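Report on the structure given below.
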Amino acid sequence: MFDRSRLEAGLPIRGLGKPLYLFSTIDSTNARALELGQTGAPHGTLVIADEQTAGRGRAGRRWLTPSRSAIALSLLLRWEPPVGGVSGALSGFGALSVAEAVEGLGAQVEIKWPNDVLVAGKKVAGVLVEAQWQGSLIASAVVGIGINVRPGSVPNPDQVGYPAGCLEQAIGRRIDREALILDVVQAAGRWLPLLGSPEMLEGWEARLAFRGMQVSVDDSGVRVRGRFENLHTDGRMVLLTDEGERLIIGPNAADLRPIDR
Ligand code: BT5
């Protein structure tokens with residue numbers, strides 16, 4: 001379980017992390033943060049759990065969070081009045097916040113667009129954004145982050161679609177989970193005011209896995225291929241096909257992979 005007093009001593013950071021809801025076990029921190037959001041919880045509300053029994057990935061996929069080995073957290077963000085144009089940037093915001101915190105531990109990090117954090121080529125963290133819309137504007141969003149810290153958090157190869165790893169294996173020493181949570185919140189506090197800005201896009205692009213390479217990606221059930229050029233200003237992915245056509249791929253795409261040829 002997490003040490004509540006250590007977390008409380010470091011929070012809030014730039015308005016994030018208060019109130020703090022800490023669970024030893026929960027179905028999903030995102031589900032809880034969304035419920036709290038619906039009942040008026042403030043901007044910056046943070047839900048953390050040691051174990052999730054029904055952790056969510058994107059598009060109905062599952063995220064595994066066994067006890068005492070990982071981090072599962074969800075941050076509730078609010079905009080008053082609601083804002084447009086940030087939805088595509090929110091998963092980049094989460095991934096970038098994790099990437100910076102992990103870089104602070106001395107690891108080299110890549111972001112597998114749109115929402116995966118890789119260390120040494122393995123997925124060590126994932127981000128799930130669930131937004132509440134008012135028309136075409138976002139009134140609030142929950143940014144959920146799952147990080148594999150200790151070896152016990154790494155699912156079996158047959159449970160994952162992409163090779164999974166954990167920070168302790170990649171970095172080769174014990175990681176302090178509470179300190180890492182505070183570092184993630186710290187980075188989130190720094191990036192939030194820059195959401196969707198050129199500076200944020202630069203930080204995201206600088207860490208992109210497979211940039212400039214031939215890749216394939218699943219876009220609404222269709223496998224598309226091309227050269228991964230860069231990110232569009234709103235965080236979508238720009239692919240240049242062999243036919244010279246530029247495709248702009250939205251953030252619901254999945255399973256980005258390099259193609260050997
Ligand atoms: C994600 O989805 O990567 C988003 C994961 C977000 C999890 C956090 S934990 C806190 C918050 N509360 C929640 O309920 N969720 C968020 P996606 O890109 O769809 O990847 C899901 C896929 O990753 C699964 O289908 C598996 O193949 C794989 N996977 C599941 N658990 C994993 C793990 N612990 N490590 C690496 N890969 C995993």
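The values are calculated or read from the model by the stated rules, or taken from the named source; none is laboratory data. These figures come from a predicted structure and were not determined experimentally. FYI the Cβ positions are ideal-geometry reconstructions off the backbone, even for glycines, and counts take in every protein chain you see. Note: areas computed on protein heavy atoms with side chains; ligands, DNA, RNA excluded. Shrake-Rupley method; radii C 1.70, N 1.55, O 1.52, S 1.80 Å.
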Checklist entry - Counting only residues that are part of a loop (DSSP other than H, G, I, E, B) and in contact (Cβ under 8 Å) with a residue 60 or more places away in the chain, how many does the stretch 233-261 have? => result 7
Checklist entry - Which ranges mark the strands (runs of 3 or more DSSP E) fully within the stretch 90-203 that have 1 or more residues being away from the ligand (no atom under 11 Å from the Cβ) and either touching a residue at least 60 places away in the same chain (Cβ under 8 Å) or not assigned by TED's automatic domain parsing to the domain that holds S24 (or both)? => result 109-112, 122-134, 137-148
Item to check | Output for the stretch 216-251, where each listed residue is open to solvent by 70 Å² or more (accessible area, probe 1.4 Å) and under 17 Å from Y162 (Cα atoms) | outcome: R223
Checklist entry - Residues in the stretch 72-86: is at least one at pLDDT below 95 and either under 16 Å from the mean Cα position of the chain (by Cα) or not assigned by TED's automatic domain parsing to the domain that holds R173 (or both)? => result yes
Checklist entry - Out of the stretch 65-89, which residues are within 11 Å of the ligand (Cβ to nearest atom) and either among the hydroxyl-bearing types (S, T, Y) or buried (at least 19 other Cβ atoms within 10 Å of the Cβ) (or both)? => result T65, S69, A70, I71, A72, L73, S74, L75
Checklist outcome for this item: Across the stretch 204-215, the tally of residues that are in contact (Cβ under 8 Å) with a residue 40 or more places away in the chain and part of a helix (DSSP H, G or I) stands at 1
Item to check | Members of the stretch 1-29 found to be open to solvent by 10 Å² or more (accessible area, probe 1.4 Å), within 13 Å of the ligand (Cβ to nearest atom) and either polar (S, T, N, Q) or in a helix (DSSP H, G or I) (or both), listed by number | outcome: T25
Checklist entry - Within the stretch 30-42, which residues are open to solvent by 70 Å² or more (accessible area, probe 1.4 Å) and not charged (D, E, K, R)? => result Q38, T39
Item to check | Residue list for the stretch 39-51, filter: within 16 Å of the ligand (Cβ to nearest atom) and out of contact with any Lys or Arg (no Cβ under 7 Å at 6 or more places or on another chain) | outcome: A41, T45, L46, I48, A49, E51
